[in-house]
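**Q** The structure is given below, and queries will be raised subsequently.
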Amino acid sequence: MPETISVDLIEYLPILLFLGVALGLSSAFVFLPMIASRFTGSHQPYANKLTEYECGFPAFEDSRSQFDVRFYLVAILFIIFDLEAAFLYPWAVTLEETGWVGWGAMMVFLLELAVGLAYAWKKGALEWE
């Protein structure tokens, strides 16, 4: 019986090896840049390094201020319709192989998206004040 247990456990060796390599590499990617910044002196902040660089002027509100929920709705709708465009291209390329079944499935998909757009439009999710 002990021989079968050792044989069964030896089958997990590649998985453990893979996890060990993944843990080692991920630790290296995290800690080596931190160590390198200590040696180069780039970890010491100064006034110019801490200034705002994304918009060009200092923030006029608290960075933890809440956004209007409509911002998130527009962002979610953008992602949905962006993914729709990502699905349309491979569908159009393979339409000859998929035939009428593929065409019908995409029409159902587009109909669902159109109903979702009409619902969002009716609820006023696309209006900005």
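The values are calculated or read from the model by the stated rules, or taken from the named source; none is laboratory data. Here the structure is a predicted model, which is why all the values come from computation and not from measurement. We place every Cβ from the backbone using ideal geometry, glycine too, and count neighbours over all the protein chains shown.
**Q** Sort out which residues of region 70-93 are of a type in the set (Asp, Glu) and surrounded by fewer than 13 Cβ atoms within 10 Å (Cβ to Cβ), and write them in order of number.
**A** ASP82
**Q** Out of all the residues in region 106-124, is one or more among the basic types (Lys, Arg) and loosely packed, with under 11 Cβ neighbours inside 10 Å?
**A** Yes; the residues of region 106-124 include at least one that is among the basic types (Lys, Arg) and loosely packed, with under 11 Cβ neighbours inside 10 Å.
**Q** Okay, next question. Identify, please: which residue in region 100-129 is assigned to a loop (DSSP other than H, G, I, E, B) and of a type in the set (Asp, Glu) and is, among those, modelled with the lowest pLDDT?
**A** GLU129
**Q** Related question: Taking the stated definitions as given, is PHE67 at pLDDT 85 or above and of a type in the set (Phe, Trp, Tyr)?
**A** no
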